[in-house]
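Accompanying notes for the structure given below.
The values are calculated or read from the model by the stated rules, or taken from the named source; none is laboratory data. Quick caveat, the model's predicted, so the values are computed rather than measured. Glycine gets a Cβ as well: all are built from the backbone with ideal geometry, and neighbour counts include every protein chain shown. Protein only, heavy atoms only, side chains kept; ligands, DNA and RNA dropped before computing areas. Shrake-Rupley method; radii C 1.70, N 1.55, O 1.52, S 1.80 Å.
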Amino acid sequence: LTQPVTPELLVSPSSQDGDLGSECPEDRGNWTGRLDFLLSCIGYCVGLGNVWRFPYRAYTNGGGAFLVPYFIMLAICGIPIFFMELSLGQFSSLGPLAVWKISPLFKGVGMGTILIVSLVAIYYNMIIAYVLFYLFASLTSDLPWQHCGNWWNTDLCLDHHVIKAGNTTFPINITNTVSPSEEYWSRYVLHIQGSSGIGDPGRIRWNLCLCLLLSWTIVYLCILKGVKSSGKVVYFTATFPYLILVMLLIRGVTLEGAWKGIRFYLTPQFDHLLSSKVWIEAALQIFYSLGVGFGGLLTFASYNTFHQNIYRDTFIVTLGNAITSILAGFAIFSVLGYMSQELGVPVNQVAKAGPGLAFVVYPQAMTMLPLSPFWSFLFFFMLLTLGLDSQFAFMETIVTAVTDEFPYYLRPKKASFSAVICIALFLMGLILTTEGGMYWLVLLDDYSAGFGLMVVVITTCLVVTRVYGMKRFCRDIHMMLGFKPGPYFRACWTVLSPATMMALLVYNIIKYQPSEYGSYRFPVWAEVLGILMGVLSFLMIPVGMVVAVLREEGTLWERVQQASRPAMDWGPSLEENRTGMYVASLAGSQSPKPLMVHMRKYGGITSYENTAIEVDREMEEEEEEESMM
């Protein structure tokens with residue numbers, strides 16, 4: 001007996017081919033759980049900067065009044081660029097390099113992104129190594145930075161117990177003294193006295209070297225199977241910091257003098273809003289806190305299913321990130337208020353930002369609490385989990401970008417390739433474990449993701465809206481999500497976001513200041529090296545343009561035009577998602593009615609095919625209008 005033949009129109013994707021039932025290319029990998037993507041984005045955005053940069057930036061720029069420009073800049077710059085990156089990644093299912101099939105002329109933008117992320121990954125993991133060092137040092141009954149009298153201390157060392165005693169009996173001049181935690185950080189952990197400057201790195205600190213090796217090993221094991229493994233790890237690393245943050249917050253606000261610090265943190269000074277510096281600082285905080293331009297968001301979104309609701313996820317992550325920063329400010333400044341009362345000094349004398357807060361001020365505050373090793377361990381464990389998921393994103397961005405360029409060679413060997421990248425970056429980071437390593441870390445921090453990153457983001461905005469076309473980009477989102485972005489997003493993408501980024505870039509160039517670490521001023525050759533690091537990332541853009549133009553044929557202008565158009569295979573990665581105009585770009589498709597071909601091959605019409613019909617109709621109407629003109 002012959003088998004009954006099912007008409008082609010009635011065949012479902014899953015009954016035709018088992019692989020077509022999935023919305024994601026299996027060989028590339030994809031998120032395995034519903035919350036994997038959302039938690040990865042939260043873990044990536046909520047990092048060390050939320051704890052050690054936002055609170056300090058807020059209090060120095062008007063306290064509570066800083067929240068006004070902060071949320072305005074979030075609306076103008078943060079949310080729109082965040083959504084744009086997610087849309088590009090999810091629509092194409094490609095990494096930061098291959099996504100430039102959208103306009104091959106600008107592939108250098110992707111190359112610049114990878115260079116920036118690689119430099120950041122080198123020093124970011126060194127910060128995680130410092131955190132691991134302090135984490136192990138906290139596993140003791142008496143914190144090693146609690147008292148003076150150790151071999152690394154100098155005659156200038158003065159601990160808070162003496163200061164407190166001095167407040168009740170006789171005044172002590174503390175202007176020329178150093179806290180035990182500061183000497184522990186600089187003279188024991190860094191052993192910076194063994195180096196005379198950036199040109200004299202000194203010997204490798206083997207305890208730091210082992211911590212760096214451990215941090216790279218942890219990162220590698222977590223990204224071993226790509227997003228399938230890191231997507232599970234973030235269930236812990238993205239949520240556990242919130243538990244610790246709440247514990248530190250509750251402990252902080254119950255301390256004597258806590259409200260002194262919180263009042264200092266939040267008292268609004270509205271006169272600051274008239275200063276352009278405050279608005280620029282707010283934009284910078286948004287820019288770096290959300291991690292736009294680093295390729296991490298685009299990479300994560302590329303592992304989504306085609307119809308994932310990234311519009312909703314954008315608001316969850318961006319607003320969640322802002323709220324976390326504000327909460328972290330309460331946790332930090334409540335403890336600083338208590339510390340200032342204990343020391344008998346104003347809050348502004350103990351408040352610091354960056355490594356100074358994480359490795360000097362907060363550890364010193366921990367020594368004043370009962371059960372100080374427990375609270376110290378919790379604080380550094382929080383920093384570890386905050387740092388790790390950001391590092392996962394950096395590594396996933398690099399690995400995905402390169403494997404998407406060479407899928408046939410590298411995807412089957414992704415674990416081995418990830419190991420090679422981790423080993424290479426570990427070896428490059430060894431100079432950071434030397435006695436003068438902090439000078440190199442400061443140089444990398446100041447220049448690797450400065451004006452080069454801003455040029456990358458500005459160029460991305462302009463290419464998508466001007467070269468690719470705002471109408472076409474909105475049509476792609478309509479096809480993917482079922483609705484078009486509203487006037488708010490279109491206005492931000494076209495004018496507001498690029499203009500704000502331009503203002504940031506100009507401000508950074510005008511207000512340029514040479515790098516420094518404490519009282520140490522960097523030599524001219526180090527400044528030149530730093531500037532070259534920043535310039536090299538956006539020099540990739542003209543280099544990429546030259547390569548793209550040379551690959552085309554015709555006159556120079558014809559080559560530029562051809563290279564700026566989307567590649568033939570640009571569009572959704574899976575055949576069943578290539579509805580509307582994108583079916584025509586598939587190999588072997590000659591039909592003038594591509595949607596009908598798609599329907600005959602894949603079965604009945606879904607809500608997303610209805611969207612494709614609308615898109616097709618819009619395109620036909622536009623073509624008719626153009627022909628009439």
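General remarks:
- When region 128-151 is filtered for residues that are out of contact with any Asp or Glu (no Cβ under 9 Å at 6 or more places or on another chain) and among the hydrophobic types (A, V, I, L, M, F, W, C), the ones remaining, listed by number, are I128, A129, V131, L132, F133, L135, F136, A137, L139, L143, W151.
- Qualifying residue in region 406-417 (condition: touching a residue at least 12 places away in the same chain (Cβ under 8 Å), closer than 20 Å to G110 by Cβ, surrounded by fewer than 22 Cβ atoms within 10 Å (Cβ to Cβ) and out of contact with any helix residue (DSSP H, G or I) (no Cβ under 8 Å at 6 or more places or on another chain)): yes
- Taking region 38-129 and the helices (runs of 4 or more DSSP H) fully enclosed by it, the elements with 3 or more residues that are of a type in the set (A, V, I, L, M, F, W, C) and open to solvent by 10 Å² or more (accessible area, probe 1.4 Å) are at 67-73.
- Scope region 268-308; condition modelled with pLDDT under 90 and either among the basic types (K, R) or surrounded by fewer than 19 Cβ atoms within 10 Å (Cβ to Cβ) (or both); matching residues: P268, Q269, F270, D271, L273, L274, S275, S276, K277, L284, Y288
- Failed item in (1) open to solvent by 40 Å² or more (accessible area, probe 1.4 Å); (2) under 23 Å from the mean Cα position of the chain (by Cα); (3) farther than 30 Å from L97 by Cβ; (4) not basic (K, R), with G329 passing the rest: (1)
- A count restricted to region 557-581 and to residues that are among the small types (G, A, S) and not in a loop (DSSP other than H, G, I, E, B) stands at 3.
- Among (1) in a helix (DSSP H, G or I); (2) open to solvent by 20 Å² or more (accessible area, probe 1.4 Å), the one test that Y265 misses: (2)
- Residue count for region 227-247, restricted to those that are open to solvent by 70 Å² or more (accessible area, probe 1.4 Å) and hydrophobic (A, V, I, L, M, F, W, C): 3
- Conditions (1) touching a helix residue (DSSP H, G or I) at 6+ places or on another chain (Cβ under 6 Å); (2) of a type outside the set (S, T, N, Q); (3) not in a helix (DSSP H, G or I); number of the one not met by H307: (1)
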